[in-house]
Amino acid sequence: MSKLVIVGTVAFDAIETPFGKTDKILGGAATFIGLAASHFDIDAAAVSVVGDDFPQDYLDLLSNKHIDTSGIEVVNGGKTFFWSGRYHNDMNSRDTLVTELNTLADFNPVVPSDYKDAEVVMLGNLHPLVQSSVLDQMSKKPKLAILDTMNFWMDCALDDLRNVIKRIDVITINDEEARQLTGEYSLVVAARKIYEMGPKYVVIKKGEHGALLFHDDHVFYAPALPLEEVFDPTGAGDTFAGGFAGYLVKTNDFSFENMKNAVIYGSTLASFCVEKFGTERMQTLSSSEVHKRLLQFKQLTQFDIELG
Ligand code: AMP
């Protein structure tokens with residue numbers, strides 16, 4: 001079976017949306033990616049760091065979903081990464097209130113030895129030097145390296161970010177971040193500029209407006225499923241990335257055509273993530289619910305037009 005290495009934060013989040021507010025709950029990019037990827041019955045390992053304030057129950061939650069947690073270092077006396085954010089009324093934008101790096105500040109990732117030959121590496125949102133270090137540890141070049149990042153790292157580590165972007169195959173990034181990275185408003189032009197930086201595939205996530213996949217002169221667009229209620233968008237981007245990566249690992253087909261399906265899987269899983277606070281919805285999501293929503297997705301986008 002193909003293997004997936006996931007690197008990213010495992011975190012405490014405190015979230016405010018127009019619907020309510022949470023205290024510190026389970027969050028982090030690697031957590032959301034892992035929960036999404038666990039739907040594909042693949043070998044996956046998370047590489048991250050937490051402090052000894054992090055509940056064992058949270059680690060068990062990932063292990064119970066068959067995510068190998070041996071690469072999550074627990075630092076004695078250390079504090080877990082903490083992020084807090086507040087969403088605006090439209091739920092499409094948010095302000096970061098607090099980012100406390102804590103144990104993440106001196107994190108040296110260690111890829112478990114069984115996973116050094118993994119076919120796919122999912123570099124979740126983290127310091128670009130940490131992302132690079134994971135690529136350095138692989139015993140052979142992965143078939144696919146996927147990278148997700150955010151404005152925080154563009155603001156404080158742009159050169160390191162550009163260096164790791166040179167080394168990867170697929171970047172997943174949101175529309176605002178693509179604009180910040182390239183200085184271009186048009187997402188088509190931004191995607192082209194990002195190719196020039198290295199990746200052959202560019203996925204631009206547009207929140208409730210879906211996702212675009214660019215490759216050479218080809219573009220594929222998947223809408224987001226129109227939902228009655230979006231409760232908390234936190235982790236939707238990571239869930240998308242976990243679904244995208246998990247599907248590609250499972251199918252072991254890294255063609256543009258198959259990536260279209262991966263985008264649909266990613267979007268489907270992300271549509272569940274936003275229904276409850278944090279990881280709550282992803283913890284209980286069943287495969288029959290996913291299947292039902294994939295059918296809805298198909299109906300949403302299918303049409304039969306006669307072209308003379
Ligand atoms: P998303 O909503 O997909 O952008 O991801 C939200 C998750 O990213 C939260 O669970 C946070 O813990 C995590 N996060 C927020 N800021 C950062 C950061 N600077 N580096 C890494 N992870 C972060």
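The values are calculated or read from the model by the stated rules, or taken from the named source; none is laboratory data. Owing to the predicted nature of the structure, the values given are computational and were not obtained by experimental measurement. Cβ: placed from backbone, ideal geometry, glycine included. Neighbour counts: every protein chain shown. Note: areas computed on protein heavy atoms with side chains; ligands, DNA, RNA excluded. Shrake-Rupley method; radii C 1.70, N 1.55, O 1.52, S 1.80 Å.
Laid out as a table, the results:
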quantity: Phi to ³J(HN,Hα) by Karplus 6.51 cos²θ - 1.76 cosθ + 1.60 over segment 71-81, Hz, x for Gly, Pro; calculated: x, 9, 6, 10, 8, 5, x, x, 10, 6, 3
quantity: Helical segments meeting 24 Å axial Cα length and Kyte-Doolittle 0.0 threshold in the chain (DSSP H); calculated: 256-273
quantity: Shape category assigned to segment 13-100 from the gyration tensor of Cα positions, a/c cut at 1.5; calculated: oblate
quantity: Integer Hz, Karplus 6.51/-1.76/1.60 couplings in order for segment 208-214, x for Gly and Pro; calculated: 5, 9, x, 9, 10, 10, 10
quantity: Shape of segment 1-155, Cα gyration tensor, a/c cut at 1.5; calculated: prolate
quantity: Accessible solvent surface per residue of the chain, calculated while the other protein chains remain in place, 1.4 angstrom probe, Å²; calculated: 45 Å²
quantity: Dipole magnitude (debye, nearest 20) for the chain, charges at Cβ of Lys, Arg, Asp, Glu; calculated: 520 debye
quantity: DSSP bridge pairs, segment 1-84: antiparallel proportion in percent, nearest 5; calculated: 25 percent
quantity: Long-range HN-HN contacts of GLU119 with modeled amide H, under 5 Å; calculated: LYS3
quantity: Segment 159-288: C-alpha gyration tensor shape, a/c 1.5 cut-off, then a/b vs b/c; calculated: prolate
quantity: Carbon plus sulfur fraction of accessible area for segment 1-115, probe 1.4 Å, in percent; calculated: 44 percent
quantity: Accessible surface of segment 145-246 [probe 1.4 Å, protein heavy atoms]: carbon and sulfur percent; calculated: 48 percent
quantity: Interchain or long-range residues, amide H under 5 Å from ASP68's placed H; calculated: ALA44, ALA45, ALA46
quantity: 10 Å Cβ shell holding at most 14 others, DSSP loop, GluC sites (Glu not before Pro): longest site-free stretch of the chain; calculated: 1-227
